[in-house]
Amino acid sequence: LVGATPAAAQAATRDSIPVVHVSASPDSVIVGPIAAPLPPAIDTVASDLASHPPAAPTPPAAAAALSFTIGSQAGTPPLPALEPIIAQGRTDLHDGIYALRSGDTVTVHFDTPEARTRRGEKFEQIVRATLPATHGAAAVELLAATPSGHIVGSRDVVAELPTRGIHLRTSDGRELSIWPETRPGRDGPLVVSYRAIRPD
């Protein structure tokens with residue numbers, strides 16, 4: 001700014017330097033004018049720029065194009081995907097229980113005297129004990145968002161859920177479906193495994 005005092009040049013420059021402000025939404029930023037006094041470090045840069053005025057202010061349309069999602073850059077870690085964390089093929093879990101992964105489908109087998117069941121509450125315990133081992137942190141979050149007793153509820157785990165499935169959802173809309181599987185037992189069908197897969 002020719003003929004202006006250093007203080008006037010700094011003030012004029014402050015009003016013309018675009019800066020990035022975090023908007024009310026933590027996931028986006030917008031470009032806008034400086035509304036408060038600059039910190040000392042930026043004030044020094046403004047003084048240096050006095051002899052090289054910045055380009056004309058960004059047109060509104062271009063400014064709108066500069067809005068972008070910043071995700072983890074704003075301090076919010078990316079949400080864990082509801083995908084298997086185990087390798088393809090067989091993974092032994094514990095006490096004779098194992099998981100078989102084929103693509104994005106994981107089948108957890110628990111056909112042991114201690115685990116196979118006809119009771120909904122016992123099946124829910126098995127799901128809560130094994131799903132984090134196959135789907136990691138995303139499963140922990142999913143199960144934490146599902147109150148105890150609500151995975152099966154009042155539904156029949158033997159007669160109803162093998163054909164209807166259990167569809168769990170996080171608050172942000174991520175979903176995972178659980179499909180109990182049965183085999184004949186001496187006193188009727190027994191639930192001996194379940195498939196976990198994201199719905200299409």
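Nothing in this text is a laboratory measurement; each read-out follows from the coordinates by a stated rule. Note that this is a predicted model, so its numbers are computed, not measured. Cβ coordinates were reconstructed from backbone atoms using ideal geometry, including for glycine residues, and neighbour counts include every protein chain displayed.
Show me 106-112, 164-170 ranked by packing, highest mean number of other Cβ atoms within 10 Å first. Each step should come with its number before you reach the end.
Values: 106-112: 19.0, 164-170: 16.3.
By packing density, highest mean first, the sequence is 106-112, 164-170.
For the peptides 182-190, 126-134, what is the packing order when you average, over each peptide's residues, the other Cβ atoms within 10 Å and list the highest mean first? Provide the component values of the computation, followed by the final result.
Values: 182-190: 11.4, 126-134: 19.6.
So the order, starting with the most tightly packed, is 126-134, 182-190.
Using 0.36 nm per residue of separation minus the Cα-Cα distance, give me the extension gain between ASP200 and LYS122 in nm, one decimal. Intermediate results must be reported in sequence, preceding the final value.
Working: separation 78, 0.36 × 78 = 28.08 nm, distance 2.79 nm.
Stretched out fully, the ASP200 to LYS122 stretch lengthens by 25.3 nm.
Within 14 Å, Cβ to Cβ, of ARG169, how many net charges do the neighbouring residues add up to if Lys/Arg are +1 and Asp/Glu are -1? Could you put the intermediate results ahead of the total?
Working: positive: ARG174, ARG198; negative: GLU141, ASP172, GLU175.
My count for the surroundings of ARG169 gives -1.
Give, as ranges by residue number, the residues of region 181-197 whose backbone N falls under 12 Å from the point 7 Å along Cα→Cβ of TYR98.
Zone members listed by number: none at all.
Taking the Cα-to-Cβ direction at ARG183 and at ALA144 and moving 7 Å from each Cα, how far apart do the two end points lie in nm?
Placing both labels 7 Å along Cα→Cβ, they lie 3.6 nm apart.
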